[in-house]
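Please treat every number below as a calculation from the coordinates, not as lab data. As the structure is a computational prediction, the values presented were derived from the model and not from experiment. Cβ: placed from backbone, ideal geometry, glycine included. Neighbour counts: every protein chain shown.
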Amino acid sequence: MDMWIKSLTAIQGQGRSKTACLRVILPVLLQSLAIYYTYRAIRWCRKRRGATDSSALSSPDIEPAQDNLKRPNRDREPGVWIPLAFEYPEVAPCPLPIRDVKPVPYRPFRWGEYHVTMGIRTMPWSEWMELDESFLFHQRIRTFRVSHCGKTVLRVLPAREDESVKVAGGAEAVKELLYELAEYLPQRYPRSFRISRLPASAPAPSIGGIPLSWHGKTPVKTIEVVETGEKYDLGVLETMNDVAMGEEAFRIINHLMQDDIAMMIEGTDRKYYFQAGLICVPGFWRMRDKIGMPLDEIHLSGEVPQFKEKLQVSMNRFFQRLPVDKPVIRNNYSIQVVQPRVLQAISSTEETLSNVDPEELSWSESLNGLEADFTHGRGHGTKEVPHVSPATLRLRSERQTLRRLPRTGAIVFGIRTYQFKVEELARERGVAARLASAVRSWPEDVASFKGRRRYRDVLLGFLDECAEKDGVTGPIEGMLPFPY
């Protein structure tokens with residue numbers, strides 16, 4: 001229309017006749033009107049198509065997965081979760097039986113300054129649980145711990161309902177976890193796990209009306225561990241209720257994996273509570289001291305360095321916002337001292353924890369003293385360790401995963417613990433100097449929490465000697481990326 005006005009003004013300014021004006025104006029006017037109405041027609045078509053698409057997408061039958069995952073629980077009340085149907089992404093199968101899978105060589109320490117952060121990264125869906133050739137060794141320890149330690153290593157809390165807060169019990173979440181593992185493990189490790197499924201005519205176990213299975217199949221009935229020859233019937237859970245059901249689900253889970261599990265559930269105060277746990281190899285803490293606590297109290301009572309100043313707010317926000325479709329992973333590390341081989345060899349032939357677990361994977365007695373006498377909140381004991389040497393030093397690393405379950409909304413905190421001999425680590429090019437740099441970089445509060453003074457001189461002296469022979473004094477090209 002601006003073009004028409006300009007043309008009219010120019011013509012009038014020249015004082016031409018009406019006929020001459022019309023001859024010039026009409027073509028310009030018609031062209032402008034044609035452009036204008038074409039533009040309006042295009043806008044109308046786009047708007048109509050958008051409305052049609054919007055109507056189609058709002059249909060429950062074809063609602064997009066991302067919207068379905070986020071929308072129902074985006075504005076939920078604290079402590080309330082609406083069960084979701086979630087399609088677990090494709091899992092890449094491991095071509096080897098787990099007895100032939102080498103442990104991942106985690107080296108989660110860096111050169112230079114130490115920073116206190118959550119340190120999370122995206123978890124590949126295929127790598128939710130890591131199993132390897134140490135499976136049977138871990139199973140021996142885990143079976144011993146559950147049978148001898150009872151509720152101090154395996155516990156499920158009932159619902160909590162008092163004046164201050166209401167929190168759901170842990171049983172339903174543990175049941176959901178078992179069925180998730182029964183789907184995941186045979187897909188990830190098809191040569192080590194076998195399953196059978198319920199017939200289509202059988203009632204399907206479910207939570208919130210959503211069947212406990214993946215990809216529209218019937219739920220798993222039994223799962224067999226090839227390495228042990230043991231088969232477990234998941235149907236037994238249908239004969240139990242609440243805490244007893246959750247504990248039985250945990251007993252089955254214990255035979256399937258190498259991870260410890262802490263089940264975190266949101267309360268009506270928006271805090272996440274430790275409502276169920278299978279903690280067989282904690283090393284430096286005891287479940288009995290933390291079960292039932294909210295996330296804040298777990299860390300504050302354990303005197304985790306700089307938690308209040310640098311981690312508390314961000315960690316609480318992260319737990320509240322963690323979506324079903326975005327699991328994460330992180331690694332940590334510490335130094336551990338174990339008994340010398342000679343002391344292990346003269347132990348009684350009777351099946352005791354020291355015989356079943358000579359590397360002190362489950363409990364660091366050399367640093368903490370007896371588990372029964374441990375004082376909660378003190379990361380390490382105060383007595384000197386008489387047998388510190390390069391041969392008794394271990395790098396202890398936890399691979400931690402966080403995943404929200406779709407039906408219960410509980411957050412599964414998986415903790416897989418690895419141990420590596422420091423003498424063997426130091427043979428890897430660049431590792432001795434890098435580990436020495438990392439240990440020296442710990443702030444005093446972190447060093448105290450990790451018990452550095454009890455092994456510092458021996459560890460750093462050995463690492464420096466190895467680094468000198470290695471000829472490495474700083475980062476080198478070709479090193480594997482963190483956390484290796």
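Tabulated results
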| read-out | value |
| --- | --- |
| Partner aspartates and glutamates for K383 [C-alpha distance under 18 Å; skip if fewer than 8 residues away on the same chain] | E360, E365, E371, D373, D457 |
| Label-point gap, in nm, between N241 and A85 - each point 7 angstrom along Cα→Cβ | 3.0 |
| Inter-probe distance in nm under a simple model that places probes 7 Å from Cα toward Cβ, at A204 and T228 | 2.9 |
| For the range 65-470, fraction of C-alpha pairs farther apart than 33 Å, in % | 34 |
| The range 389-484: trypsin sites (Lys or Arg not before Pro) in DSSP loop, at most 16 other beta carbons within 10 Å | R427, R429 |
| Spacing of the two label points (7 Å from each Cα toward its C-beta) at D75 and E303, in nm | 4.7 |
| Relative packing of peptides 215-223, 86-94 - highest average C-beta neighbours within 10 Å first | 215-223, 86-94 |
| Whichever aspartates and glutamates have a C-alpha closer than 13 Å to that of K469, once near sequence neighbours (fewer than 8 apart) are set aside | E428 |
| Lysine-lysine proximity count for the range 142-266, Cα under 19 Å, sequence distance 8 or more or distinct chains | 5 |
| Rg to Rh quotient for the range 202-260, alpha carbon positions, Kirkwood Rh | 0.97 |
| Ranked by how many other beta carbons lie within 10 Å on average, peptides 257-265, 458-466 from highest | 257-265, 458-466 |
